[in-house]
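Asks: One structure is given below, represented as structure tokens, and several questions about it will come after.
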């Protein structure tokens, strides 16, 4: 990330994918294996945590809130990443890409 770099939310996920691919194909197998393991553990934390959060909200009768989250420009993308949106709002179309709301990213220069 470079100081002052700004990316739209969908571009952040794409950049994470680029970096993960680059590091997972590192010539040193010890590095590439650790990166893949790290990504797997991060996925577990996000998937389990988000799934439990959705379940808690559902138990508190938060269906309307969850339906709204499922169609939100940013939250819908996150729910889609873990295959949760269709459960929450099966009739709802996929959320449109967010408006150019930018996320500040620091410390890296894009290649």
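Asks: Just to verify a result, which residue in the range 64-93, among those that are exposed (fewer than 13 other Cβ atoms within 10 Å of the Cβ) and at pLDDT below 85, is nearest to residue 17 (Cα to Cα)? Show your work before the answer.
Replies: Here is the first cut: in the range 64-93, the ones exposed (fewer than 13 other Cβ atoms within 10 Å of the Cβ) are 64, 83, 90-91, 93.
In the following step, the residues that additionally are at pLDDT below 85 were identified as 90-91, 93.
On the way: 90: 27, 91: 29, 93: 25 Å.
Filtering the range 64-93 for residues that are exposed (fewer than 13 other Cβ atoms within 10 Å of the Cβ) and at pLDDT below 85, the one nearest to residue 17 (Cα to Cα) comes out as 93.
Asks: Which condition does residue 34 not pass, out of (1) in contact with a helix residue (DSSP H, G or I) (Cβ under 8 Å, 6 or more places away or on another chain); (2) surrounded by 14 or more Cβ atoms within 10 Å (Cβ to Cβ), if it passes all the others?
Replies: Here residue 34 clears every test but (1).
Asks: Among the residues of the range 37-51 satisfying the criterion of being over 17 Å from residue 79 (Cα atoms) and surrounded by 13 or more Cβ atoms within 10 Å (Cβ to Cβ), which is nearest to the chain's Cα centre (by Cα)?
Replies: 39
Yes/no matrix, rows are residues, columns are (1) in contact with a helix residue (DSSP H, G or I) (Cβ under 8 Å, 6 or more places away or on another chain); (2) over 21 Å from residue 87 (Cβ atoms); (3) at pLDDT below 95; (4) assigned to a loop (DSSP other than H, G, I, E, B):
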residue: 12; (1), (2), (3), (4): no, yes, yes, no
residue: 21; (1), (2), (3), (4): no, yes, yes, no
residue: 45; (1), (2), (3), (4): no, no, yes, no
residue: 48; (1), (2), (3), (4): no, no, yes, no
residue: 52; (1), (2), (3), (4): no, no, yes, no
residue: 58; (1), (2), (3), (4): yes, no, yes, no
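The values are calculated or read from the model by the stated rules, or taken from the named source; none is laboratory data. Predicted model only: the values in this text are computed from it and were never measured. Methodologically, a virtual Cβ is constructed for each residue, glycine included, from the backbone with ideal geometry; neighbour enumeration extends over all protein chains shown.
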